Amino acid sequence: QVTAARGRRRQRPFTRRLLDLPWEDVLLPHVLSLVPLRQLLRLQRVSRAFRALVQLHLAGLRRFDAAQVGPQIPRAALAWLLRDAEGLQELALAPCHEWLSDEDLVPVLARNPQLRSVALAGCGQLSRRALGALAEGCPRLQRLSLAHCDWVDGLALRGLADRCPALEELDLTACRQLKDEAIVYLAQRRGAGLRSLSLAVNANVGDTAVQELARNCPELEHLDLTGCLRVGSDGVRTLAEYCPALRSLRVRHCHHVAEPSLSRLRKRGVDIDVEPPLHQALVLLQDMAGFAPFVNLQV
């Protein structure tokens, strides 16, 4: 009988539940870190224990991109996902652009002073208050996208320039309220550290702003001036003179920028999105005539 009982014990399968594994040493770093945020929303509905595990994981997030949840994320879902997060370094909220307000964002910024990268492209329901909270509460901010945020004006940008000494990359695409004066102030306050700046589709930005950027941003590597109709050759020549680190320049649809002002940058190997006139002519000829671009110039 004793032998039979031992045999039954040996045959009994060994079972271990997932939640029996060490949370901090195994589940959080090696399991939940691989689960997409969309699946975490489902997982937390399984049981109270799973909900607690997921919340512990979310509290330790360093990077949050709402795009991982889906193209549209409900306000309640965002609030729950970020409820306990206090160590975020990267935050991207573009999928929330239709409804994200100051009331949604400001508490998140207040709990995460370590933020280094924030993407708010298209979030048109925000206001100057949100940008003020970001500038005031996140002194380590390095990268910020405010593309297509029409509420960004000169006063809002001034606060950012005054309080974000680590700022390196800034996207102000289609922030149409901005004028030369705001960009000049940004250049004078933060120009020494700026490496990447987009002013694309800003019709009020012209040579005055570009020249001041050139004189104050010796480390500038990428500048996007696409569609800045008031930018001309004078601004580009100043960039060539004062920005030795420049690697790429976007001037498409800048109709007052002539090729002579770009040639000096081309010789330095700067990537420019506008082809030289001769190359443009050969491509056009090829398209019209339907043959390879070999032109016989002999008379």
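The values are calculated or read from the model by the stated rules, or taken from the named source; none is laboratory data. Since the model is a prediction, treat every value here as computed from it, not as a measurement. Ideal geometry is used to build each Cβ from the backbone, glycine not excepted, and the neighbour counts take in all protein chains shown. Protein only, heavy atoms only, side chains kept; ligands, DNA and RNA dropped before computing areas. Shrake-Rupley method; radii C 1.70, N 1.55, O 1.52, S 1.80 Å.
Summary table below
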item	result
The stretch 149-282: translational diffusion in µm²/s, Stokes-Einstein, Kirkwood Rh over Cα pairs, 37 °C, 0.692 mPa s	224
Charge dipole of the stretch 64-217 about the Cα centre (unit charges at C-beta), most positive-ward option of 191, 155, 178	191
Overall Cα dimensions of the stretch 128-221 - principal axes, largest extent first, Å	33, 27, 18
Accessible solvent surface per residue of the stretch 96-229, calculated while the other protein chains remain in place, 1.4 angstrom probe, Å²	38
By average C-beta atoms within 10 angstrom, highest first, the peptides 201-210, 235-244, 99-108	201-210, 235-244, 99-108
Gained length - residue 111 relative to residue 62, 0.36 nm times residue gap less alpha-carbon distance	16.4 nm
Surface share of carbon and sulfur [accessible, 1.4 angstrom probe, percent] for the stretch 64-183	48
For the stretch 226-236, Karplus couplings with θ = phi - 60° (6.51, -1.76, 1.60), whole Hz, Gly/Pro x	3, x, 7, 5, 8, 7, x, 5, 4, x, 5
Using a Förster distance of 51 Å, the FRET efficiency for residue 233-residue 103 (Cβ separation, nearest 0.05)	0.65
Amide H partners (placed H, <5 Å) of residue 217, local residues excluded	none
Modelled label reach - residue 158, point 7 Å along Cα→Cβ, the stretch 114-139 residues with backbone N closer than 20 Å	127-137
Residue-by-residue Karplus 3J(HN,Hα) for the stretch 237-245, coefficients 6.51, -1.76, 1.60, Hz, glycine and proline x	4, 5, 4, 4, 7, 10, 10, x, 8
Length gained when the stretch residue 258-residue 219 is fully extended (0.36 nm per residue, less Cα-Cα span)	11.6 nm
Portion, in percent, of the accessible area of the stretch 204-268 that falls on carbon or sulfur, probe 1.4 Å	44
